[in-house]
Amino acid sequence: MSAAPTPPTKGFIDIPASIILSAEGLAILSRSKTQIQRVPSRGGTPKEGLLSQAFNATTVQKMIMNSYIEEMYYASPEFLTKRPQIISTTNLIIYAMLYKMLSPTLAKKVIDSPVLREHNRRNPKAAILDFKNVPQAVMDAFLTKNMAVLARIEHEMIDAVLNRITADTKLPEEDKIVRMRSLEKFVRWVDKRIWYLYLIIYQTPLKAEIEKAYVDLFFQYLDNTQIATHVGNLVMEFIQNAEKAHLERLIVRNHLAPREKVDEYLRSKAHREQAIGLAARNKQNLEITWHLHTDRVNAGKAYNVKIILSNYGLINEATRNELAQKMKTDTSGISLSDFYEQPGEAGKLGAGLGLLYNSYLEDVCREKGIRYFCTIFPEPKLEKTTVTLDLTF
């Protein structure tokens with residue numbers, strides 16, 4: 001009798017994804033005791049990175065924020081048993097981008113303020129034009145001296161933003177809960193140099209003005225968390241459709257069931273395991289890649305995330321047209337719950353929201369100034385379909 005699977009350790013995401021290091025990440029980890037391996041990557045070429053059965057979510061998120069990770073890659077004969085972990089990894093990455101963008105945005109508010117302009121005029125040799133050139137020793141001494149003040153400011157900030165969230169009558173209760181849970185982490189992960197700049201102004205008559213500006217920005221960034229929600233839901237839908245196409249191809253090719261009976265066939269656990277076993281023996285895997293790229297041309301001001309999902313099985317022209325129509329649906333005035341069950345699709349595998357989440361994602365990205373597009377690319381020679389979600393923050 002086989003032993004029961006070991007439950008995942010708290011704080012870990014139990015998915016054996018390759019973590020491929022960037023040049024900066026490789027340089028930093030090479031100086032530590034971390035064992036760097038040659039790990040699988042998209043395209044089949046092994047690259048330098050890390051691989052284990054589970055990874056520490058907080059550690060990986062910090063590595064992404066520091067641009068130490070270039071790619072995360074996972075391949076398996078089936079994905080649905082790891083769907084929660086794939087969604088968690090997707091959310092972790094999107095949140096890392098939001099955290100990464102927050103500190104420079106807050107810094108700009110301070111640097112553009114009259115107080116700092118006056119500080120720079122009086123101290124031209126020690127002018128602070130960017131939060132990255134804040135003197136480390138001076139900052140450490142100042143923050144240590146004002147530790148109690150900073151702790152009080154953080155609590156005041158959290159309370160003020162919580163009041164804004166609670167008072168927002170247009171915000172659904174579920175969204176309020178997500179933002180309240182995210183708030184403390186957003187505040188905690190703000191770069192220390194930002195708080196140093198903030199404290200300079202906090203002790204001047206501009207205190208109320210800078211406090212309001214920070215509260216507004218925190219509230220705005222918490223509003224951006226809906227991007228992670230929509231991306232996660234869209235990836236979930238694509239995974240479901242990809243796995244069905246992947247297994248359907250194997251079932252029909254191996255004469256396990258006719259195409260019109262595939263949905264019924266896959267409802268049997270034994271049949272599903274048989275199809276997955278075929279995929280494993282034939283080394284035909286579903287693949288998902290999270291590719292991370294910093295725009296060096298713009299001095300690191302743009303962060304690009306590509307989520308690439310590939311499966312065996314081609315979509316036909318009719319399906320492609322249907323997908324395109326769903327992806328361009330006008331969602332104005334329609335709630336997501338309206339799409340959970342569509343006419344004529346009751347009980348059918350792969351039915352549900354379809355790709356309507358894509359329209360929500362397009363709308364929110366356009367509103368937030370985030371460049372986003374989605375492509376579905378058939379590869380007839382390989383008998384594969386690849387979907388790419390591309391976001392530039």
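The values are calculated or read from the model by the stated rules, or taken from the named source; none is laboratory data. It should be emphasised that the depicted structure is a prediction, and the values quoted were computed from it without experimental measurement. Every residue, glycine as well, gets a Cβ built from its backbone with ideal geometry; the counts of neighbours run over all protein chains shown.
Which pairs turn up if I take residues in the stretch 44-72 that are outside the structural domain of residue 34 (by TED's automatic domain parsing) and look for partners that are at pLDDT below 95 with beta carbon separation below 8 Å, at least 6 apart in sequence or on another chain?
As it stands, the answer is none, since no pair meets every condition given.
Tally time: how many residues in the stretch 14-35 are of a type outside the set (S, T, N, Q), in a loop (DSSP other than H, G, I, E, B) and within 21 Å of the chain's Cα centre (by Cα)?
4
Results for (1) buried (at least 18 other Cβ atoms within 10 Å of the Cβ); (2) not acidic (Asp, Glu), shown as yes or no for each residue.
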{"position": "179", "(1), (2)": "yes, yes"}
{"position": "188", "(1), (2)": "no, yes"}
{"position": "214", "(1), (2)": "yes, yes"}
{"position": "225", "(1), (2)": "yes, yes"}
{"position": "230", "(1), (2)": "yes, yes"}
{"position": "244", "(1), (2)": "yes, yes"}
{"position": "251", "(1), (2)": "yes, yes"}
{"position": "260", "(1), (2)": "no, no"}
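Mind listing whichever residues of the stretch 110-166 are of a type in the set (S, T, N, Q) and either within 32 Å of the chain's Cα centre (by Cα) or crowded, with 16+ Cβ neighbours inside 10 Å (or both)?
If we filter the stretch 110-166 for residues that are of a type in the set (S, T, N, Q), which is where we start, we get 113, 120, 123, 133, 136, 144, 146, 163, 166.
Answer for the stretch 110-166, where residues must be of a type in the set (S, T, N, Q) and either within 32 Å of the chain's Cα centre (by Cα) or crowded, with 16+ Cβ neighbours inside 10 Å (or both): 113, 133, 136, 146, 163, 166.
Restrict the check to the stretch 215-228 and report whether at least one residue is among the β-branched types (Val, Ile, Thr) and more than 23 Å from residue 115 (Cα to Cα). Explain how you work it out, then say what you get.
Of all residues in the stretch 215-228, those among the β-branched types (Val, Ile, Thr) come to 215, 225, 227.
Applying the additional criterion that residues be more than 23 Å from residue 115 (Cα to Cα) yields 225, 227.
Taking every residue of the stretch 215-228 in turn, at least one turns out to be among the β-branched types (Val, Ile, Thr) and more than 23 Å from residue 115 (Cα to Cα).
For the stretch 169-199, which residues satisfy the criterion of being acidic (Asp, Glu), touching a helix residue (DSSP H, G or I) at 6+ places or on another chain (Cβ under 9 Å) and over 13 Å from residue 222 (Cα atoms)?
First pass over the stretch 169-199, keeping only residues acidic (Asp, Glu): 173-175, 184, 191.
From the residues that got through so far, the ones that are touching a helix residue (DSSP H, G or I) at 6+ places or on another chain (Cβ under 9 Å) too are 175, 184, 191.
The one that is acidic (Asp, Glu), touching a helix residue (DSSP H, G or I) at 6+ places or on another chain (Cβ under 9 Å) and over 13 Å from residue 222 (Cα atoms): 191.
Residue check, residue 58 against (1) loosely packed, with under 14 Cβ neighbours inside 10 Å; (2) part of a helix (DSSP H, G or I); (3) more than 22 Å from the chain's Cα centre (by Cα), all met but one. Which one?
(3) is the only condition that residue 58 fails.
Can you name the residue in the stretch 365-381 that is free of Cβ contacts under 8 Å to residues at least 60 places away in the same chain and part of a loop (DSSP other than H, G, I, E, B) and, of all such residues, is surrounded by the fewest Cβ atoms within 10 Å (Cβ to Cβ)?
Only one residue tops the list, namely 381.
Any idea which of 106, 92 is assigned to a helix (DSSP H, G or I), under 13 Å from the mean Cα position of the chain (by Cα) and surrounded by 16 or more Cβ atoms within 10 Å (Cβ to Cβ)?
92
So, of the residues in the stretch 210-257 that are closer than 30 Å to residue 97 by Cα and without any contact (Cβ under 8 Å) to a residue 24 or more places away in the chain, which turns out to be farthest from the chain's Cα centre (by Cα)?
Residue satisfying both the conditions and the ranking: 212.
Confirm whether residue 13 is closer than 30 Å to residue 368 by Cα, modelled with pLDDT of 95 or more, touching an Asp or Glu at 6+ places or on another chain (Cβ under 9 Å) and β-branched (Val, Ile, Thr).
Here the answer is no, as residue 13 does not meet what is asked.
Which one is nearest to residue 75 (Cα to Cα) among residues in the stretch 43-52 that are under 22 Å from the mean Cα position of the chain (by Cα) and modelled with pLDDT of 95 or more?
Out of the qualifying residues, it is 51.
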